[in-house]
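This report concerns only the one structure given below.
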Amino acid sequence: MSEDQVDLTDRANFKFWTPEVFRFADMDALNHLNNIASAVYCETARADFFVKNLGHDFSAKVNWVLANINISYLAPVHYPNDIEIGTRVKRIGNSSIILQQGLFCGQGCFSTAETILVYANLETGKSTPLTDEVKEIFAKY
């Protein structure tokens with residue numbers, strides 16, 4: 001497996017973790033975790049990652065914009081369950097990052113995700129370069 005192909009189902013490949021609870025409202029008609037809940041869990045973990053590592057303010061005029069997200073659903077998850085989301089940085093660009101995530105419960109990894117986020121000025125709609133300080137923080141993950 002190349003460095004670009006990290007096994008996202010292996011907990012050891014993540015340094016940053018966000019706990020989450022499988023809410024009753026997250027369940028589908030088959031008593032499984034609804035697929036959209038995985039996307040919400042990823043979003044919560046991304047926000048947690050930015051706040052805890054950057055002290056990020058989501059009301060700022062320069063902010064993260066979701067450009068792409070791909071989620072692989074690997075196994076059903078049943079209610080009740082505790083969820084943990086591991087987050088890692090795959091690539092740091094000039095004004096964007098690629099985050100990878102693994103979603104785990106007691107039975108192991110049930111979903112993986114890869115997200116492209118662009119740092120942009122929300123007033124102009126233009127991308128904004130990441131500072132060297134931000135790049136150094138992301139490089140730890």
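What follows draws every value from the coordinates through simple rules; no lab data is involved. Note that the coordinates shown come from a computational prediction; the quantities given were computed from them, not determined experimentally. Note: ideal-geometry Cβ built from the backbone for every residue, glycine included; neighbour counts use all protein chains shown.
What the table below lists for this structure:
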{"item": "Length-normalised contact order for region 11-139 - Cα pairs under 8 Å, 6+ apart - percent", "result": "28"}
{"item": "Selected from Phe50, Phe14, Phe58 as most flexible by GNM, with the chain as the system and alpha-carbon contacts under 10 Å", "result": "Phe58"}
{"item": "Of Lys90/Lys135; Lys52/Lys90; Lys15/Lys126, pairs whose Cα-Cα distance is over 23 Å", "result": "Lys15/Lys126"}
{"item": "Positive-end extreme of charge dipole, region 11-139 - chosen from Ser38, Leu130, Val65 (charges on Cβ)", "result": "Leu130"}
{"item": "Neighbour count of at most 15 Cβ within 10 Å plus DSSP loop: longest trypsin sites (Lys or Arg not before Pro)-free window in the chain", "result": "62-139"}
{"item": "Choice from Leu103, Leu66, Leu117 showing the highest fluctuation, given a GNM over the chain with Cα pairs closer than 10 Å", "result": "Leu66"}
{"item": "FRET efficiency, 1/(1 + (r/R0)^6) with R0 35 Å, evaluated for Val6 and Lys52 via beta carbons", "result": "0.95"}
{"item": "Label point distance in nm, Asn35-Ser95, each placed 7 Å from Cα along Cα→Cβ", "result": "3.3"}
{"item": "Prolate/oblate/rounded label for region 43-98 (Cα gyration tensor, a/c 1.5)", "result": "prolate"}
{"item": "Largest-first principal axis extents of the Cα set of region 42-141 (Å)", "result": "43, 26, 21"}
{"item": "Gaussian network model of the chain, springs between alpha carbon atoms under 10 Å - residue of Ile69, Ile85, Ile36 with greatest fluctuation", "result": "Ile36"}
